[in-house]
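Asks: To start, I am sharing the structure in question, which I have written as structure tokens.
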Amino acid sequence: MQFLPNEQQAMIRDGVRKFAEGTLKSGATARDAAGTTSRDVLQQLAKLGVFGLTVDEDAGGLGLDHVALALALEEIAAADAGLALFVLQHVALSIRHMQAVDLLPEQRAWLSHMASGQATCVWAHGEDAVHRDANTVTLRAVRNGTGWLLNGVKPNVFGAGIADVVIVTALAEEGLCAFGLQFSTAGVTRKQSTEPLGLRSAGIADIVFDNVQVNASALFGVAGQAQLAVQKGLLAARLGVAAIAVGVAREALRLAGRYANDRQQFGKPIATFQPIQWQVANSAVELDVARLLVHRAAWTMDHGKQAQAHVAMARLTAAETATRVTDRAIQLHGGYGYTREFTVERLYRDAWTLESLFGSPGLQRVELARSLAA
């Protein structure tokens, strides 16, 4: 394992960082308030190759690995965690699911469109409205001629408000199935969800399926055998959440340090006071631990090794670190930290929302313990 990115990984990190700092950061507060992200921003991300980062080059992607994805997500999250979550939905869940099954020729065309960013995609699986249980599914798929009829609701899907297509899981007589369809399909509607605490720029929405007819080519893989692809997608997603949490914590620490150097008390910067120094030092140490765990988990996945335990450690540590670091940043800002004029308030909301995505902290501890006992 190496502690520095290779040339390709460094190139994507530096390119995304430049775009995030030069373009994304200035509009993050407005996107958070609006609860959505414009098509123009997504097209600019597409030009960087972010949406096809892990797709093979012969399918139109960059052919990079999970370490590169973790680096890119951290950079985007430092500017806008909600937008980073949208990228995760597209790359780590939707595309990862497709890569885990044998695709039909027309489905491979979908993959190329997604890699180029011509079509943005979200993944709708768990139906627990607060996302603490990632495997609750009640949406039904019933055979109807040569195709299927879908009925049910996927609540609070991050990214559903702005994506073009969706990969949706449903229960059929054979078991769990996954289908790909456009949001313009008859019977598919998007409804405003309860507004989330954080990650608002991802564009959250409920997806309603009312007698939605899909043909046989919409089915990914074999009917009733979607669970393996789902688990691979969730593993990549939990790694992605950890990388996003690192980005959130990194930005909170940067803002806390800047404010501590600027804020004067008793004629000198509060950064010279030992209690403040200890808060900053603790945050810096915890941030580095979280990042190293994320990169170890990504490296493990890239080398085909069992990664469940490493991903659980990274996801658990990074999410809780982001919550602690953003909390310290708010306290260091005093009363200003609780106002929307200061970015740390948004970062705090984003960190708390990240903790429950794709499995609660308690679930991560259970999965980690089971992995270690296996």
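Asks: What number comes out for the charge environment of Val142, summing +1 per Lys or Arg and -1 per Asp or Glu over other residues with Cβ under 14 Å away?
Replies: Working: positive: Arg140, Arg143; negative: Glu173, Glu174, Asp210.
After counting each charged neighbour, the total is -1.
Asks: For the range 350-361, just list the computed ³J(HN,Hα) in residue order, Karplus coefficients 6.51, -1.76 and 1.60, θ = phi - 60°, integers in Hz, with x standing in for Gly and Pro.
Replies: Each residue of the range 350-361 in turn: 4, 4, 5, 5, 4, 4, 9, 6, 6, x, 5, x Hz.
Asks: Sequence gap at least 6, Cα distance under 8 Å: using those rules, report the relative contact order of the range 227-373 to the nearest whole percent. Walk me through the numbers before you get to the answer.
Replies: Numbers: 170 pairs, mean separation 46.6, N = 147.
Computed value for the range 227-373: 32 percent relative contact order.
Asks: In the range 227-373, if the dipole is taken from +1 on Lys/Arg beta carbons and -1 on Asp/Glu beta carbons about the Cα centre, which of Pro269, Ala236, Asn282 is farthest to the positive end?
Replies: Ala236
Asks: Tell me, what HN-Hα J-couplings in whole Hz come from the Karplus equation 6.51 cos²θ - 1.76 cosθ + 1.60 at θ = phi - 60° for each residue of the range 275-280, using x for Gly and Pro?
Replies: Once θ is set to phi - 60°, the couplings for the range 275-280 become x, 5, 4, 5, 4, 5 Hz.
Asks: For the chain, what does -39500 (n - 2.57) per DSSP helix run (n ≥ 4), summed and divided by total residues, give at 222 nm, in deg cm²/dmol to the nearest 500? Intermediate results must be reported in sequence, preceding the final value.
Replies: Values: 12 runs with 186 residues, N = 374.
Helix-only estimate at 222 nm: -16500 deg cm²/dmol.
Asks: Using Cα pairs under 8 angstrom and six or more residues apart, how large is the relative contact order of the range 287-372, in percent?
Replies: Details: 73 pairs, mean separation 27.1, N = 86.
Relative contact order of the range 287-372: 32 percent.
Asks: Taking +1 at the Cβ of each Lys and Arg and -1 at the Cβ of each Asp and Glu, which of Tyr338, Leu176, Phe51 sits farthest along the dipole of the chain towards its positive end, judged by Cα position relative to the Cα centre?
Replies: Of the options given, the answer is Tyr338.
Asks: Checking the cross-link filter: which lysines have an alpha carbon closer than 22 Å to that of Lys18, excluding same-chain neighbours under 8 positions apart?
Replies: Lys47
Asks: Viscosity 0.890 mPa s, temperature 25 °C: give me the Stokes-Einstein translational D for the range 216-317 in µm²/s, with Rh taken as the Kirkwood radius over C-alpha pairs.
Replies: 151
Asks: What aspartates and glutamates could a cross-link reach from Lys25, if we take a straight Cα to Cα line under 19 Å and drop same-chain neighbours fewer than 8 places away?
Replies: Qualifying aspartates and glutamates at Cα under 19 Å: Asp14, Asp40, Glu74, Glu75, Asp80, Glu251, Glu341, Glu345, Asp350.
Asks: Could you give the angle, 0 to 90 degrees to the nearest 10, between helix 227-262's Cα long axis and the longest principal axis of the Cα atoms of the chain?
Replies: 20
Asks: What is the helix-to-structure angle for 66-79, meaning the angle in degrees between its Cα long axis and the longest Cα principal axis of the chain, kept from 0 to 90 and rounded to the nearest 10?
Replies: In the chain, helix 66-79 runs at an angle near 60 degrees to the longest axis.
Asks: Let me ask something else about it. Find which of Leu62, Ala307, Val137 sits farthest along the positive direction of the dipole of the chain, computed with +1 on the beta-carbon of Lys and Arg, -1 on that of Asp and Glu, about the Cα centre.
Replies: Highest projection toward the positive end goes to Ala307.
Asks: Measure up Lys154/Lys305; Lys191/Lys305; Lys154/Lys232; Lys191/Lys232 against 31 Å on the Cα-Cα distance and list the ones that go over. Working shown, then result.
Replies: Working: Lys154/Lys305 33 Å; Lys191/Lys305 41 Å; Lys154/Lys232 20 Å; Lys191/Lys232 28 Å.
Exceeds cut-off: Lys154/Lys305; Lys191/Lys305.
Asks: Moving to a separate point now. Viscosity 1.002 mPa s, temperature 20 °C: give me the Stokes-Einstein translational D for the range 7-120 in µm²/s, with Rh taken as the Kirkwood radius over C-alpha pairs. Don't jump to the answer; show the numbers that get you there.
Replies: Values: Rh = 14.2 Å.
The diffusion coefficient I find is 151 µm²/s.
Asks: Return the long-range amide H neighbours of Ser360 (sequence gap of 5 or more, or a different chain), with a cut-off of under 5 Å between placed amide H atoms.
Replies: Amide H to amide H, under 5 Å and 5 or more residues apart or across chains, Ser360 pairs with nothing.
Asks: What's the longest uninterrupted piece of the chain once you rule out the chymotrypsin sites (Phe, Trp or Tyr not before Pro) that are loop residues per DSSP with at most 13 other Cβ within 10 Å?
Replies: Working: sites that count: Phe3, Phe266.
Longest gap between qualifying sites, sites excluded: 4-265.
Asks: Further question on the same structure: Hand me the trypsin sites (Lys or Arg not before Pro) from the range 296-360 located in a DSSP loop with no more than 16 other Cβ atoms within 10 Å, in residue order please.
Replies: Values: sites: Arg296, Lys305, Arg315, Arg324, Arg328, Arg340, Arg346, Arg349; in loops: Lys305, Arg340.
Passing sites in the range 296-360 are Lys305, Arg340.
Asks: Between the range 1-31 and the range 249-293, what is the separation of their alpha carbon centroids in Å?
Replies: 22
Asks: Where does the longest stretch of the chain lie that holds no GluC sites (Glu not before Pro) found in a DSSP loop with 13 or fewer other Cβ atoms within 10 Å? Don't skip to the end; give the middle numbers.
Replies: Details: sites that count: Glu173, Glu174, Glu341.
Longest site-free region, per DSSP loop and neighbour criteria: 1-172.
Asks: Quick one: compute the contact order of the chain, relative version, from alpha carbon pairs under 8 angstrom and 6+ residues apart, as a percent. Show your work: numbers first, answer last.
Replies: Values: 737 pairs, mean separation 67.3, N = 374.
Relative contact order here is 18 percent.
Asks: Also: Step by step: find N for the range 6-72, compute 2.2 N^0.38 Å, then divide the Cα radius of gyration by it. What's the final number? Show your work: numbers first, answer last.
Replies: Numbers: Rg = 13.0 Å, N = 67, 2.2 N^0.38 = 10.9 Å.
Here the Cα radius of gyration is 1.20 times the empirical estimate.
Asks: Follow-up question, since we're still on this one. If only Cα atoms are counted, what is the Rg of the chain, and what is its Dmax, in Å?
Replies: 20.5, 79
Coordinate-derived values only; no laboratory data. Only a predicted model underlies this, so the values are computations on that prediction, with no experimental measurement involved. Virtual Cβ from ideal backbone geometry, glycine too; neighbours counted across all protein chains shown.
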